[in-house]
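**Student:** Mind looking over this structure? Questions follow.
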Amino acid sequence: MRQKTRQKEDTEKSNISEAGMERQKSKKNGKKKVHLPDISLPFAAEADNQKVALFLEDLERRITLSMAEKIALIEDFVNALKFYATTGLTVDEALERLDAKNLGGFYSRPSNTWYSLDNAAKIYPFSMKHDYMAVFRLSAYLKENIVPEILQMALTFTVKRFPSFATTVKKGFFWHYLDATKRRYIVEPETGMPCQPIRIGRSGSQTFRVLYYQNRISVEYFHILTDGSGGMCFLKTLVAEYFRLLGTTSSCDNGVLPVNGLVAPGEISNEFLNIRSEGAASGFVQKAAVQFGGKLARIRPCRVIHFKMDATALKEVAGRKGATVTAYILSLMFVAGRRASDNIEGEFNIQVPVNMRKFHPSNTLRNFSMYCGIRLPLAEISEPDELIPEIMRQLTDKASYKAMNEMVKATNLLTNAIRFIPLFLKAPVVRMVYGFLGDRIFCSTLSNLGVVSLPPEISERVDSFDFVLGAGTNRASCSVVTFGNTATLSVTKNTIDPSFEEALYELLYRDGLTPVVEGSELIAD
Amino acid sequence: MQINITYPKPPKKKSHRSIMINIVKDLFLLSALLCVTINIWAGGKAWSIIVLWSLYMIWTLFIHPDMIEYNRISQFTKVIVQSCIMLVLIDVFITSGWASNVVSIVCFGALIAVCLLLYTDFERQRHNLLPMILLSALSFVLSVVLMIISEGNVPWQVPVTFVLSLAVLIVCFKTMGGNIKSELKKLFHTI
């Protein structure tokens with residue numbers, strides 16, 4: 001043991017002296033070179049460390065960030081190498097996995113691109129408050145604990161493939177926009193509640209965050225960047241890259257993008273502008289809905305709950321009732337909401353996002369979804385099965401191609417109407433209008449991302465996915481995502497009243513779907 | 001219903017910001033209303049307008065600051081523009097005849113300061129040019145207007161502001177490098 005420690009110390013000493021000699025050499029040569037602080041190299045053999053030193057020197061040349069960021073980025077590589085060294089991986093293999101080519105010149109070119117916001121994203125900067133921001137979160141649960149050093153490298157290599165994500169929100173004279181930002185994008189350990197506002201005000205701030213906790217990788221996105229589909233593509237690519245760095249290379253299909261591939265123009269396009277819809281423009285203004293009961297918590301969400309259940313059984317139960325999975329869960333939500341409310345008059349209106357890609361095939365990673373509202377009078381809500389025909393009818397009608405195109409047309413008309421008004425005049429008006437419409441017309445949201453698939457090589461190493469909607473002013477919001485045979489229904493709670501989720505659990509249980517319930521602790525005011 | 005906790009224990013710190021904002025908002029609204037009422041009741045000069053503007057300044061600078069583009073250049077130019085408006089309001093409603101001189105001095109001082117803010121943290125601040133462009137454009141317009149209405153009797157600070165605003169505009173374009181067209185499109189895009 002002592003011998004080993006001594007050997008390690010000797011190696012470190014030789015590294016340090018090597019670095020010193022290197023410095024003297026470059027002084028003698030008269031080359032002006034910025035030196036990084038001495039880094040202890042991770043491998044035991046001298047020859048291996050020399051290879052690493054050369055690798056780091058090459059790396060240094062490829063990064064033109066500020067000195068602090070440059071050092072941090074190089075330290076990320078060293079940390080990953082240290083991890084590889086502990087696993088017994090050979091230096092050649094480690095360096096191959098971390099090949100600096102994977103940086104793709106991202107960190108060696110100045111940022112000079114920008115992206116105007118897509119028409120759906122334009123509202124999000126206006127709807128922000130100090131304690132609220134439209135954030136959603138996608139998580140992948142692996143069958144093993146996360147290695148933070150490798151996840152950091154996976155993000156470093158992945159982010160360049162998603163240029164519209166590597167951005168900071170800025171103010172233009174007429175609209176906000178996304179300004180490309182070259183920086184070290186970081187992964188963080190998860191500490192607080194999901195979907196907390198992201199601080200995006202400072203120069204070069206990240207507009208998304210990557211978190212890890214035990215076996216979970218989560219990405220929280222400001223909605224301005226992307227919608228669920230784009231966000232899922234990023235998460236899947238990140239997970240695939242993470243596994244590649246751990247030695248499992250997968251094919252680039254099932255929504256995983258090649259991290260070193262070229263960005264297709266369609267991936268960053270504002271598809272709303274490509275829809276030439278005819279007919280009426282409608283869909284925005286609706287009357288206010290009755291909200292579920294309970295006082296809004298000061299910290300929102302105050303709890304997140306996941307109902308994990310057998311996907312086949314869920315589909316089978318929904319099918320038996322003549323419903324789609326979305327319609328079935330909506331019927332449960334209406335009844336659970338009724339039980340969580342003291343009101344007996346008025347209407348519940350549940351927002352259902354609609355992926356426009358199913359009507360207008362597109363590979364855009366930006367926002368490309370609209371929404372519809374499923375509205376039922378409280379007086380008619382008693383048993384879920386009785387609601388299903390009406391929910392199905394409304395879904396077919398309101399989420400149709402025609403209805404969605406009308407809404408896109410309304411969005412485009414509205415955007416066009418105010419495009420020449422300077423931002424400082426537009427902002428207060430839009431904020432006020434959003435205050436009147438916004439969350440008030442809905443009592444909840446159900447977003448179903450559908451079935452997620454991964455390349456078979458890595459699919460077996462992933463346990464499940466979940467999808468969490470950020471907190472608005474509705475008391476509860478639901479989201480569903482299915483991976484393998486696990487469907488995860490997530491509930492974001494903004495009130496401590498547990499009636500809604502308890503009713504939901506009871507209804508699922510009654511239908512024979514015995515969900516495993518996971519979640520966060522409740523934050524009481 | 002048994003919930004397995006799969007999230008880290010959240011920190012106990014509570015955000016009091018929203019509560020504070022709500023309380024201060026009520027206080028501000030009350031003060032504003034009182035000032036206007038007293039001013040109307042007591043008559044005389046419209047000092048309540050100055051109070052209203054001061055409250056607005058405190059609100060936007062300290063209580064409810066910008067959530068997007070909160071950087072040294074944007075905040076500095078915001079303070080300057082709002083202060084200049086304040087000076088003009090005092091000139092118009094309380095004592096007149098001095099604002100044009102003072103505002104132009106404030107403007108040229110601000111133009112120099114904003115350049116210092118840019119060059120002392122160039123790598124980061126070069127992405128925050130819009131407030132700088134707007135400040136120099138406003139100063140330019142102001143100095144031109146003052147030169148026209150002064151009818152030959154132009155105080156020294158006005159041409160200095162004129163020249164400095166042009167110089168700062170040139171600095172901005174230089175900072176944009178070879179991408180002036182694209183940068184301007186970015187800052188003034190309408191789609």
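**Student:** Give the residues of region A:473-520 that are more than 22 Å from A:Gly293 (Cβ to Cβ) and acidic (Asp, Glu), sorted by residue number.
**Tutor:** Result: A:Asp511, A:Glu518.
**Student:** Quick check on my filter: what residues within region A:307-344 are free of Cβ contacts under 8 Å to residues at least 40 places away in the same chain and either under 16 Å from A:Ala379 (Cα atoms) or touching an Asp or Glu at 6+ places or on another chain (Cβ under 7 Å) (or both)?
**Tutor:** Once the filter is applied, which keeps residues that are free of Cβ contacts under 8 Å to residues at least 40 places away in the same chain and either under 16 Å from A:Ala379 (Cα atoms) or touching an Asp or Glu at 6+ places or on another chain (Cβ under 7 Å) (or both), region A:307-344 yields only A:Ile344.
**Student:** Would you point out which residue out of A:Ser444, A:Ser477, A:Ser490 is in contact (Cβ under 8 Å) with a residue 40 or more places away in the chain, under 20 Å from A:Met133 (Cβ atoms), surrounded by 24 or more Cβ atoms within 10 Å (Cβ to Cβ) and in contact with a Leu (Cβ under 8 Å, 6 or more places away or on another chain)? Even if it seems obvious, please write down each step before you answer.
**Tutor:** Working: A:Ser444 fails: in contact with a Leu (Cβ under 8 Å, 6 or more places away or on another chain); A:Ser477 fails: in contact (Cβ under 8 Å) with a residue 40 or more places away in the chain.
That would be A:Ser490, the only listed residue that is in contact (Cβ under 8 Å) with a residue 40 or more places away in the chain, under 20 Å from A:Met133 (Cβ atoms), surrounded by 24 or more Cβ atoms within 10 Å (Cβ to Cβ) and in contact with a Leu (Cβ under 8 Å, 6 or more places away or on another chain).
**Student:** Checking A:Leu65 against (1) assigned to a loop (DSSP other than H, G, I, E, B); (2) more than 20 Å from A:Leu155 (Cα to Cα), which single condition isn't satisfied?
**Tutor:** Among (1) assigned to a loop (DSSP other than H, G, I, E, B); (2) more than 20 Å from A:Leu155 (Cα to Cα), the lone unmet condition for A:Leu65 is (2).
**Student:** Are any of the residues in region B:153-164 open to solvent by 10 Å² or more (accessible area, probe 1.4 Å), facing another protein chain (nearest Cβ under 10 Å) and either under 25 Å from A:Phe424 (Cβ atoms) or at pLDDT 85 or above (or both)?
**Tutor:** Within region B:153-164, not a single residue is open to solvent by 10 Å² or more (accessible area, probe 1.4 Å), facing another protein chain (nearest Cβ under 10 Å) and either under 25 Å from A:Phe424 (Cβ atoms) or at pLDDT 85 or above (or both).
**Student:** Looking at A:Leu273, A:Leu246, A:Leu257, can you tell me which residue is within 14 Å of chain B (Cβ to nearest Cβ), open to solvent by 20 Å² or more (accessible area, probe 1.4 Å) and touching a residue at least 60 places away in the same chain (Cβ under 8 Å)? Don't jump to the end; show me each part of the working.
**Tutor:** On the way: A:Leu246 fails: within 14 Å of chain B (Cβ to nearest Cβ); A:Leu257 fails: within 14 Å of chain B (Cβ to nearest Cβ).
Going through A:Leu273, A:Leu246, A:Leu257 in turn, just one is within 14 Å of chain B (Cβ to nearest Cβ), open to solvent by 20 Å² or more (accessible area, probe 1.4 Å) and touching a residue at least 60 places away in the same chain (Cβ under 8 Å): A:Leu273.
**Student:** Give the number of residues within region B:165-188 that are farther than 17 Å from B:Met132 by Cα and either in contact with a Gly (Cβ under 9 Å, 6 or more places away or on another chain) or away from every other protein chain (no Cβ under 14 Å) (or both).
**Tutor:** Within region B:165-188, residues that are farther than 17 Å from B:Met132 by Cα and either in contact with a Gly (Cβ under 9 Å, 6 or more places away or on another chain) or away from every other protein chain (no Cβ under 14 Å) (or both) number 0.
**Student:** Right, something else. From the set of residues in region A:357-401 that are among the hydrophobic types (A, V, I, L, M, F, W, C) and more than 20 Å from A:Ser447 (Cβ to Cβ), which is farthest from the chain's Cα centre (by Cα)?
**Tutor:** Going residue by residue through region A:357-401, those that are among the hydrophobic types (A, V, I, L, M, F, W, C) are A:359, A:365, A:368, A:370, A:372, A:374, A:376, A:378-379, A:381, A:387-388, A:391-392, A:395, A:399.
Still in the running and more than 20 Å from A:Ser447 (Cβ to Cβ): A:378-379, A:381.
Working: A:Leu378: 34, A:Ala379: 38, A:Ile381: 34 Å.
So the residue we want is A:Ala379.
**Student:** Which one of the conditions (1) away from every other protein chain (no Cβ under 14 Å); (2) in contact with a Ser or Thr (Cβ under 7 Å, 6 or more places away or on another chain) does B:Tyr7 fail to meet, given that it meets all the rest?
**Tutor:** (1)
**Student:** Starting from residues that are of a type in the set (Val, Ile, Thr) and open to solvent by 10 Å² or more (accessible area, probe 1.4 Å), keep the ones in region A:508-525 and report whichever is nearest to A:Val304 (Cα to Cα).
**Tutor:** A:Ile523
**Student:** Output the number of residues of region B:151-191 satisfying the condition of being polar (S, T, N, Q) and in contact (Cβ under 8 Å) with a residue 40 or more places away in the chain.
**Tutor:** Residues in region B:151-191 being polar (S, T, N, Q) and in contact (Cβ under 8 Å) with a residue 40 or more places away in the chain: 4 in total.
**Student:** How about region A:86-205: which helices (runs of 4 or more DSSP H) wholly inside it have at least 1 residues that are surrounded by 18 or more Cβ atoms within 10 Å (Cβ to Cβ) and facing chain B (nearest Cβ under 9 Å)?
**Tutor:** Those helices (runs of 4 or more DSSP H) span A:124-127.
**Student:** Still on this structure, please answer the following. Would you tally the residues in region A:82-120 being among the acidic types (Asp, Glu) and under 30 Å from A:Ser369 (Cα atoms)?
**Tutor:** As a first pass, look at region A:82-120 and keep what is among the acidic types (Asp, Glu): A:92-93, A:96, A:99, A:118.
Still in the list and also under 30 Å from A:Ser369 (Cα atoms): A:118.
Residues in region A:82-120 being among the acidic types (Asp, Glu) and under 30 Å from A:Ser369 (Cα atoms): 1 in total.
**Student:** Do we find that A:Lys426 is charged (D, E, K, R), at pLDDT below 95 and open to solvent by 30 Å² or more (accessible area, probe 1.4 Å) in this structure?
**Tutor:** Details: charged (D, E, K, R): yes; at pLDDT below 95: yes; open to solvent by 30 Å² or more (accessible area, probe 1.4 Å): no.
When the stated conditions are applied, A:Lys426 does not pass them.
**Student:** Could you name every one of the helices (runs of 4 or more DSSP H) located completely within region B:13-131 that has at least 3 residues being surrounded by 15 or more Cβ atoms within 10 Å (Cβ to Cβ)?
**Tutor:** Numbers: elements: B:17-42, B:47-58, B:72-93, B:99-119, B:122-125.
In region B:13-131, the matching helices (runs of 4 or more DSSP H) lie at B:17-42, B:47-58, B:72-93, B:99-119.
**Student:** Next question, about the same structure. Could you go through region B:142-152 and let me know if any residue there is among the acidic types (Asp, Glu) and either more than 10 Å from every other protein chain (Cβ to nearest Cβ) or in contact with a Leu (Cβ under 7 Å, 6 or more places away or on another chain) (or both).
**Tutor:** Within region B:142-152, one or more residues are among the acidic types (Asp, Glu) and either more than 10 Å from every other protein chain (Cβ to nearest Cβ) or in contact with a Leu (Cβ under 7 Å, 6 or more places away or on another chain) (or both).
**Student:** Same structure again: For region A:360-393, give me each residue that is closer than 30 Å to A:Val263 by Cα and among the hydrophobic types (A, V, I, L, M, F, W, C).
**Tutor:** Residues satisfying the conditions are A:Leu365, A:Phe368, A:Met370.
**Student:** Out of region A:221-231, which residues are open to solvent by less than 10 Å² (accessible area, probe 1.4 Å) and out of contact with any Pro (no Cβ under 9 Å at 6 or more places or on another chain)?
**Tutor:** Once the filter is applied, which keeps residues that are open to solvent by less than 10 Å² (accessible area, probe 1.4 Å) and out of contact with any Pro (no Cβ under 9 Å at 6 or more places or on another chain), region A:221-231 yields A:Tyr221, A:Leu225, A:Thr226, A:Gly230, A:Gly231.
**Student:** Among the residues of region A:206-221, count how many are in a loop (DSSP other than H, G, I, E, B) and more than 10 Å from chain B (Cβ to nearest Cβ).
**Tutor:** Matching residues across region A:206-221 total 2.
**Student:** How about region A:444-525: which strands (runs of 3 or more DSSP E) wholly inside it have at least 1 residues that are acidic (Asp, Glu) and within 14 Å of chain B (Cβ to nearest Cβ)?
**Tutor:** Once the strands (runs of 3 or more DSSP E) in region A:444-525 are filtered for at least 1 residues that are acidic (Asp, Glu) and within 14 Å of chain B (Cβ to nearest Cβ), what remains is A:462-469, A:516-519.
**Student:** Mind checking which residues of region A:132-165 are within 27 Å of A:Met370 (Cβ to Cβ) and not aliphatic (A, V, I, L, M)?
**Tutor:** Within region A:132-165, A:Tyr132, A:Phe136, A:Arg137, A:Ser139, A:Arg161, A:Phe162, A:Pro163, A:Ser164, A:Phe165 qualify.
**Student:** Any idea which of (1) touching a Ser or Thr at 6+ places or on another chain (Cβ under 6 Å); (2) assigned to a loop (DSSP other than H, G, I, E, B); (3) at pLDDT 95 or above; (4) under 21 Å from A:Thr64 (Cβ atoms) is the one A:Leu225 doesn't satisfy?
**Tutor:** In the conditions (1) touching a Ser or Thr at 6+ places or on another chain (Cβ under 6 Å); (2) assigned to a loop (DSSP other than H, G, I, E, B); (3) at pLDDT 95 or above; (4) under 21 Å from A:Thr64 (Cβ atoms), A:Leu225 misses (4) alone.
The values are calculated or read from the model by the stated rules, or taken from the named source; none is laboratory data. What you see is a predicted model; the values in this text were computed from it and never measured. Using ideal geometry, Cβ is built from the backbone for each residue, glycine included, and neighbour counts are taken over all protein chains shown. Each accessible area value is taken on the protein alone, full model and side chains, heavy atoms only, with ligands, DNA and RNA left out. Shrake-Rupley method; radii C 1.70, N 1.55, O 1.52, S 1.80 Å.
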